[in-house]
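Only the coordinates and a few stated rules stand behind these numbers; no lab work does. All figures in this text were calculated on a predicted structure; none of them were measured in a lab. Here Cβ is always computed from backbone atoms with ideal geometry, including for glycine, and neighbour counts include all displayed protein chains.
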Amino acid sequence: MSLHSNAAVATLAPPVSPTPLQTRMSSTIKFGVVGYGYWGPNVVRNLHSMANVDITAVCDKSSDSRKKVHKNHPQIYVTADASEIMTSPEIDAVAIVTPVWTHFELAKTALEHGKHVFVEKPFTSNVRQAEELLELADRKNLEIMVDHTFLFTGAVKKIKQLVQDGLLGKLYYYDSTRVNLGLFQHDINVVWDLAPHDLSILDYVIESNPEALVATGQKHLNGHEDIAFITLYFPDSVIAHVNVNWLSPVKVRTTLIGGEKKMLVWNDLEADEKIKIYDKGVDMNSREGVYELLVSYRSGDMWSPHLEQAEALRLELSYFVKCISENTNPINDGAAGLRIVRMLEASTKSLRKRGALVYL
Ligand SMILES: NC(=O)c1ccc[n+]([C@@H]2O[C@H](COP(=O)([O-])OP(=O)(O)OC[C@H]3O[C@@H](n4cnc5c(N)ncnc54)[C@H](O)[C@@H]3O)[C@@H](O)[C@H]2O)c1
């Protein structure tokens, strides 16, 4: 059964003279989704529930995954062949929710066929691929959004606002621990799996590129690093440290962000009060004639700001649809994806040399 012969999608046949995508301001955006493993069902569920989106088809190579799509969404057409989605004139945008090593070929094919692309993190396996996709999307005037889901969480939006409003003062550091037992990936190490979350948050919040980084780590089980520590040097003495680990007995998702005026703790596993802001800090003074520094420690109130509760992926996908309709670039566009891949590639270089300093 082909995409065009399926009864469920036959009603979605293209208009006789299709309106160019860029001018379809408020019409429905038709999606094809490739990949229905662990994360794909979340993408499909969210897209499927949006008023201005139709999912025309879902593709997965695995028959078990295709059975799951049938079970969860019996009305959606399912295929094992991604080229059906790529070449369908009915489809405006493709969501790519497959392992990273497949992203480049799938995204390239989608762009070549005039589809907008929503692609999972990390964007591509290397910088060269990301640059090629950016150039292609630019030439074809198509949108790329890279799924940097955390940027759409209430917590990261609040952190961004606090930093932007100057509440924390000059930033000193970002220190994140993102550890748990598994899920081991077969094709990438723990850096490429977990660090994109922190790197995309840093990229969004700090708004400048790191100057250099150091990464150390070790492989124990399947030939890929399962534990790693990345240190990134940003301009203005901002330093970031990211600890990622698949071999931790407990799950920890805690980030400390220190600023001159305030410091915060973000514990993403807390149901309420995920972010706590501390009016704590250190003031250094020196008086004329006094040779030691006068150090005073400030220890004031702690409070927890209210955070938006909506599902981040849903907000992100609605925003993607809006960007397509309005022909605007998302904050997590291909260029943002490229910046993260550049940091990941530099981390790999540093890891291979047991922590050599790599300039970006
Ligand atoms: N944004 C997030 O928070 C988040 C969370 C989890 C995973 N991810 C990302 O999502 C992507 C997928 O991860 P996952 O954990 O769902 O992987 P997965 O292995 O569980 O699922 C991938 C699915 O894609 C299918 N597939 C692979 N190549 C295909 C192809 N060429 N055509 C059709 N189907 C194909 C596989 O059969 C599988 O069902 C990764 O890039 C991962 O980093 C993002």
Taking only region 106-128 into account, find how many residues are away from the ligand (no atom under 11 Å from the Cβ) and surrounded by fewer than 20 Cβ atoms within 10 Å (Cβ to Cβ).
7
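If we scan region 94-105, do we find a residue that is near the ligand (Cβ under 9 Å from one of its atoms), touching a Lys or Arg at 6+ places or on another chain (Cβ under 8 Å), in a helix (DSSP H, G or I) and among the β-branched types (Val, Ile, Thr)?
Step one: list which residues in region 94-105 are near the ligand (Cβ under 9 Å from one of its atoms), which gives 96-103, 105.
Narrowing further to those that are touching a Lys or Arg at 6+ places or on another chain (Cβ under 8 Å): none.
No, that holds for no residue.
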Among the acidic types (Asp, Glu), farther than 30 Å from LYS261 by Cβ and in contact (Cβ under 8 Å) with a residue 24 or more places away in the chain: does that describe GLU105?
no
Taking the condition of a type in the set (Lys, Arg) and surrounded by fewer than 16 Cβ atoms within 10 Å (Cβ to Cβ), does LYS251 pass?
yes
How many of the residues in region 147-197 are part of a helix (DSSP H, G or I), more than 16 Å from the ligand (Cβ to nearest atom) and of a type in the set (Asp, Glu)?
0
Filter region 198-229 for residues that are polar (S, T, N, Q) and within 16 Å of the ligand (Cβ to nearest atom); the one that is nearest to TRP246 (Cα to Cα) is ASN222
Starting from residues that are closer than 18 Å to LEU317 by Cβ and touching a residue at least 60 places away in the same chain (Cβ under 8 Å), keep the ones in region 55-86 and report whichever is nearest to the ligand (Cβ to nearest atom).
ILE85
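Return the residue satisfying two criteria in turn: it lies in region 205-224 and is part of a loop (DSSP other than H, G, I, E, B) and in contact (Cβ under 8 Å) with a residue 12 or more places away in the chain, and of such residues it is surrounded by the fewest Cβ atoms within 10 Å (Cβ to Cβ).
We begin by selecting, within region 205-224, every residue part of a loop (DSSP other than H, G, I, E, B); these are 207-211, 220-224.
Right, trim to in contact (Cβ under 8 Å) with a residue 12 or more places away in the chain and you get 208-211, 220-222, 224.
Details: SER208: 11, ASN209: 14, PRO210: 25, GLU211: 12, HIS220: 11, LEU221: 9, ASN222: 12, HIS224: 19.
That would be LEU221.
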For region 27-45, does any single residue satisfy the condition of being more than 14 Å from the ligand (Cβ to nearest atom) and of a type in the set (Lys, Arg)?
yes
